[in-house]
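Presented below is the structure to which this report refers.
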Amino acid sequence: MCKFFQYLTDIFKSKKENIDVHENRITCLLGAGAAIEIGGPSSIGLTKEILSESEHLKELSLALDEYYGGNKYNFEDLLHLIETFLSYQYSNAIDKKYKPILGAFIRINFLTDYRKLIDDKRIVYQKIWEAISKYDSDIFTNLEKSWYLDFWRKMNENKLDIITLNYDNTIHNALAGSITDGFLKEDDTYARLNLDELYRKDLSKIINLHGSINFGHYNGTNSETANKHVFEDDFHELYKYLKPNMARDNFFNSTRSSNMTQYGEVAEITPIITGLKKADKLLVSPYNAYHNYFYESIRNNSSLLIVGYSFGDLHINNMIEKITALHGDNRKIVVITYLTEEQRKNWHPDHSIMMEDDGWLTTEALFFYSKAAKDYYPLGQSFTYQSPIISKNGNLRVYLEGFNQAARNHGDEIIEFLTSK
């Protein structure tokens, strides 16, 4: 924890020296939905693929089906379950800090074969990696994705702070040369996070807040380089490999001890942060520095674009909900999401009906919309479906027909709104 606070001290110092708080930048938050229309996987589809790879995972899923009573769960719930099971695989000889306190009162005996759990965890990560690599590789050659490139290149005529919860490199590639992720090259294989680079004010930023398929732990190539960063960096610190296959080989072919939370449960620090313990996994570099940069971006920038985010991460919601308090009437917020034809047809001004019957509007999403619009009915009170929805005070715009449609048909107006004084 001391190292974590030292990181924050360095970050605040660097930010103070290098960031102009009056600089007009746009914060962009991208969730999984931002990548679906360029080939990204859906949570439901990826969960089905993962389950198809393992009979043991299918057994676990049947137990979850019964426990949740038909409510939806996904691969993040499965990974959380695996990590929780692994947390209770201990003997009396293991030190106190590696034992969850509830272990004194409960015994988990159901489907907790240690080897099978390790295999399950590997399958989850492999399938995620494969799904991301599949759509990440053809951003320049697939003409059906040209709208995506055009939108971000036009957006980047302004300075951007792009915070993506996805693990791909599409925007890195689309805006190469005019954007930085804070990493500086160490040699021909990997790069290391540099705070001065992260806080450069002359470039847009792209931050993989929950990891990247290019991230990996450090592995020295020989005995002389094996401990190169041992006195400066955390044991679980992540670096950026220059090629995804290097990071992949590093991750899947190396063996490391698990990261433990302060309450004694497993919370793996991996190149892709998933599961339900994300807040516990953000305490090492680059995630801690990225998380702090995200907050500073919300604090400094009055314009916020949210694309394809389900409002399912509490640590994210806590930050973005502050934009109204921080910027008052200067705030400009655009949310791009997607409703199916059936959901559009069943539009109803009573939000609780849409939440209960159609499931697209979660409580967390409604809280954000209400705070952003300063209105108990942020989506209006009309029985007639329309997109976009513009709040009464004009501070919030919600586009309901997906990223592709919004970028093609409303891209210029979105950019003009976010950049207007």
Assuming residue 311 fulfils every condition listed in (1) farther than 25 Å from residue 123 by Cβ; (2) open to solvent by less than 70 Å² (accessible area, probe 1.4 Å); (3) in contact (Cβ under 8 Å) with a residue 60 or more places away in the chain; (4) not in a helix (DSSP H, G or I) apart from one, which condition is it?
(3)
For residue 152, all conditions in the list (1) modelled with pLDDT of 85 or more; (2) farther than 30 Å from residue 180 by Cβ; (3) within 21 Å of the chain's Cα centre (by Cα) hold save one; what is the number of the exception?
(2)
Could you list all residues from the stretch 260-279 that are crowded, with 19+ Cβ neighbours inside 10 Å and out of contact with any Ser or Thr (no Cβ under 8 Å at 6 or more places or on another chain)?
269, 270, 273, 274, 275, 278
Any idea which residue in the stretch 30-83 is surrounded by the most Cβ atoms within 10 Å (Cβ to Cβ), counting only those that are over 24 Å from the mean Cα position of the chain (by Cα) and closer than 27 Å to residue 138 by Cβ?
53
From the list 218, 167, pick out the single residue that is free of Cβ contacts under 8 Å to residues at least 40 places away in the same chain, assigned to a loop (DSSP other than H, G, I, E, B) and either in contact with a helix residue (DSSP H, G or I) (Cβ under 6 Å, 6 or more places away or on another chain) or crowded, with 17+ Cβ neighbours inside 10 Å (or both).
218
Yes or no: the stretch 374-384 includes at least one residue that is more than 26 Å from the chain's Cα centre (by Cα), in a loop (DSSP other than H, G, I, E, B), surrounded by 15 or more Cβ atoms within 10 Å (Cβ to Cβ) and aromatic (Phe, Trp, Tyr).
yes
Here, helices (runs of 4 or more DSSP H) confined to the stretch 1-69 with at least 3 residues that are at pLDDT below 55 are 2-18
Anything in the stretch 333-347 that is open to solvent by less than 30 Å² (accessible area, probe 1.4 Å) and either at pLDDT 95 or above or farther than 18 Å from residue 398 by Cβ (or both)? List them, or say none.
333, 334, 335, 336
Note on the stretch 328-351: residues free of Cβ contacts under 8 Å to residues at least 40 places away in the same chain and within 24 Å of the chain's Cα centre (by Cα) are 340
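Could you list, in sequence order, all residues of the stretch 222-259 that are outside any loop (DSSP other than H, G, I, E, B) and either open to solvent by less than 50 Å² (accessible area, probe 1.4 Å) or in contact (Cβ under 8 Å) with a residue 12 or more places away in the chain (or both)? Steps first, please.
The initial filter retains those residues of the stretch 222-259 that are outside any loop (DSSP other than H, G, I, E, B), namely 239-241, 244-252.
Selection gives 239, 240, 241, 244, 246, 247, 248, 250, 251, 252.
The values are calculated or read from the model by the stated rules, or taken from the named source; none is laboratory data. Given the structure is predicted, the values throughout are model-derived calculations rather than measurements. Quick reminder, even Gly has a Cβ in these numbers, built from the backbone with ideal geometry, and neighbours come from all protein chains shown. Note: accessible area is taken over every heavy atom of the protein model, side chains too, but ligands, DNA and RNA are not part of it. Shrake-Rupley method; radii C 1.70, N 1.55, O 1.52, S 1.80 Å.
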